[in-house]
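Scroll down for the structure; my scribbles are underneath it.
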Amino acid sequence: MTNIHHVAKEAGVSVATVSRVLNGQNSVTYKTKLKVEEAINKLNYEPSVLGRNLRNSESRILLILIPQISNPFYTEIIKGIEQTAISLHYNILLCETDSNPQRENIYFELVRNKMADGIISMDPAVNHLIQIGHRNIAMINSDETYLYAQQRRQGYQNALVKHDIPIRPEYVLHASELGFDNGQQAMKSILKLKDRPTAVFAVSDLLAIGALKEVNNQQLQVPEDMAIVGFDKIDFSNMTYPTLTTISQPMYRMGKIAASMLIDRIKGKQVESIILEHELVIRGSTAG
């Protein structure tokens with residue numbers, strides 16, 4: 001494979017001179033620049049963008065960590081991140097962590113070593129369930145080491161308190177992952193409760209769809225025996241039976257804004273927290 005040393009030898013100049021030409025520096029004469037460019041073309045040399053950026057103490061790579069690449073929730077977010085990154089001359093590196101802290105630490109180490117420049121509300125849902133007559137409302141949450149999981153639990157609890165409904169710890173279940181199987185297992189636990197809830201709010205559509213599957217398996221009726229609300233409005237949420245009531249988020253826009261904020265932070269600029277609008281989409285799992 002051709003490298004910068006081969007180009008320097010072909011052009012009869014030093015490696016430092018080739019580097020100056022590649023970086024567009026004006027300290028090289030036109031004649032020398034021409035010789036270097038001819039050598040590059042002759043040898044079909046392709047400079048390493050990453051190597052050049054690392055010499056400038058930046059990689060222009062955004063590292064995107066997601067628990068599961070197969071989760072459709074992330075698709076539009078990644079598209080939004082990529083659109084902004086490309087427009088600002090950044091590349092993205094997509095990494096699946098499988099919700100494994102050790103694997104996440106490996107990727108964070110990339111950031112610390114300059115291989116990458118950065119890592120990239122439940123009230124309406126619960127209010128809706130209360131408005132249609134439910135008071136025993138369970139929640140299937142994610143691991144609360146994640147900020148979004150803490151915020152969604154807070155939104156759930158705020159809605160209950162606002163309507164003078166007691167918070168019952170046994171009604172809050174935690175899933176290790178936001179997957180279909182996790183939602184199904186959580187619903188199995190919910191259905192075993194002595195004072196069984198009549199409605200469930202899940203912090204992701206995949207959890208909710210898994211929960212819906214288990215209710216159907218138990219020969220119970222949705223929403224008559226158990227109303228279910230999800231979060232994300234993934235495409236599959238409109239393909240279940242009954243169709244899933246869910247919270248819709250502007251995921252593509254979320255990705256674009258997240259990437260823009262991250263790049264601003266990389267550049268040393270101040271960024272403000274942004275809460276994007278959301279919409280409750282009422283479907284068959286709460287409306288019989």
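Subtract the Cα-Cα distance of E38 and V15 from 0.36 nm times their separation in residues, and report this length gain in nm to one decimal. Show your work: numbers first, answer last.
On the way: separation 23, 0.36 × 23 = 8.28 nm, distance 1.50 nm.
Computed gain between E38 and V15 is 6.8 nm.
Evaluate the relative contact order of region 4-47 (contact order divided by residue number), counting alpha-carbon pairs under 8 angstrom at least 6 apart; express in whole percent.
44
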| message | If you wrap a convex hull around the alpha carbons of region 150-227, what volume per residue comes out, as a whole number of Å³? | response | 93
| field | Proximal charge balance of P250 [Cβ under 15 Å; K/R count +1, D/E count -1] | value | 0
| task | Determine ³J(HN,Hα), in whole Hz, for all residues of region 223-238 in sequence, where each value follows from phi through the Karplus function 6.51 cos²θ - 1.76 cosθ + 1.60 and θ = phi - 60°; x replaces Gly and Pro. | result | x, 4, 8, 8, 8, 9, 10, x, 8, 2, 6, 6, 4, 4, 5, 9
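Taking the Cβ of each residue in E37, E96 as the centre, tally the other Cβ atoms inside 10 Å and list the residues starting with the fewest.
Details: E37 14, E96 17.
The fewest-first ordering by Cβ neighbours comes to E37, E96.
Excluding V36 itself, what net charge comes from residues whose Cβ is under 13 Å from its Cβ, given Lys and Arg +1 and Asp and Glu -1? It would help to have the intermediate numbers written out before the result.
Values: positive: K9, R20, K31, K33, K35, K42; negative: E10, E37, E38.
Result for the neighbourhood of V36: +3.
Using alpha-carbon pairs under 8 Å, 6+ residues apart, how would you state the relative contact order of region 195-288 in percent?
Worked out over region 195-288, it gives 31 percent.
Averaging over every viewing direction, what projected area does the convex hull of the Cα atoms of region 4-47 cover, in nm²?
On the way: hull surface 10.1 nm².
Result: a mean projected hull area of 2.5 nm².
Give, as a single signed number, the net charge of other residues whose beta carbon lies under 15 Å from the beta carbon of P169, with Lys and Arg counted +1 and Asp and Glu -1.
Details: positive: R153, R168, K194; negative: E144, E170, D195.
It works out to a net charge of 0.
Read-outs: derived from the displayed coordinates by stated rules, not from any lab. The structure presented is a predicted model; accordingly, all values stated were derived computationally and were not measured. We place every Cβ from the backbone using ideal geometry, glycine too, and count neighbours over all the protein chains shown.
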